[in-house]
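The values are calculated or read from the model by the stated rules, or taken from the named source; none is laboratory data. Not measured: the values here are computed from a predicted model. Areas reflect the complete protein model, heavy atoms only, side chains present, ligands, DNA and RNA absent. Shrake-Rupley method; radii C 1.70, N 1.55, O 1.52, S 1.80 Å.
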Amino acid sequence: MPIVEAILLVLALSLDAFVASMAYGINKIEVPFKSMIIIDIVCSMFLALSIFFATFLRKVLPHSITSMISFLILMIIGIYYLFESLVKANLEKKAKSNRKVKLKFFNIWFIIEIYIDETKADMDNSKTLSSKESLYLATALSLDSLAIGFGSGLGSIRYFHVILLSLIFHIFAIWGGLHLGRNFSKKSKINLSWLAGIILIVLAILKLL
């Protein structure tokens, strides 16, 4: 995987963290540096695990098969991301305000409220994201990395570069989102999943070239 593809992949994965952090900034919820590091490491860890597993399968399966599977996974998730805002809107209408343990496929979230509104991870309403709460949020944000990392890992990939870029991009995405959110005086629902979808579709097409 060329460095440009690695950057696009990590950029797509870090957009969720950016938007979530921006929501925290808008709602005046503090995210201590320790919590930022937890989110950064957990997100990168999920990505690393999926890539390593895919790299192992790549050594067993024929290149033509792994390339096609990689294309299909990235294309499907990319198309899904394009319509994610519609899914969120539909879930928001159906979900009750205090309903807890739920599950969502692909962009998998353990708690449906966190999927609809990332700030719900601040469960005690303390206006500060604790280490435990940051772990819940990081898991919710990074579970889609399992599928995306696996799909990318089936193709040619420089996993060291991707993981290193993930650690860098996620910490800047969190910090940048918080900083930008604090400068918003009004709540604003921003959805960049469509951009992540376009990036993943481009990556899928590059797998066939």
If you rank 182, 58 by how much accessible surface each has, with a 1.4 Å probe, what is the order from largest down?
-> 182, 58
What figure in square angstrom, to the nearest 10, would you give for the accessible area of residue 75 with a 1.4 Å probe?
-> 40
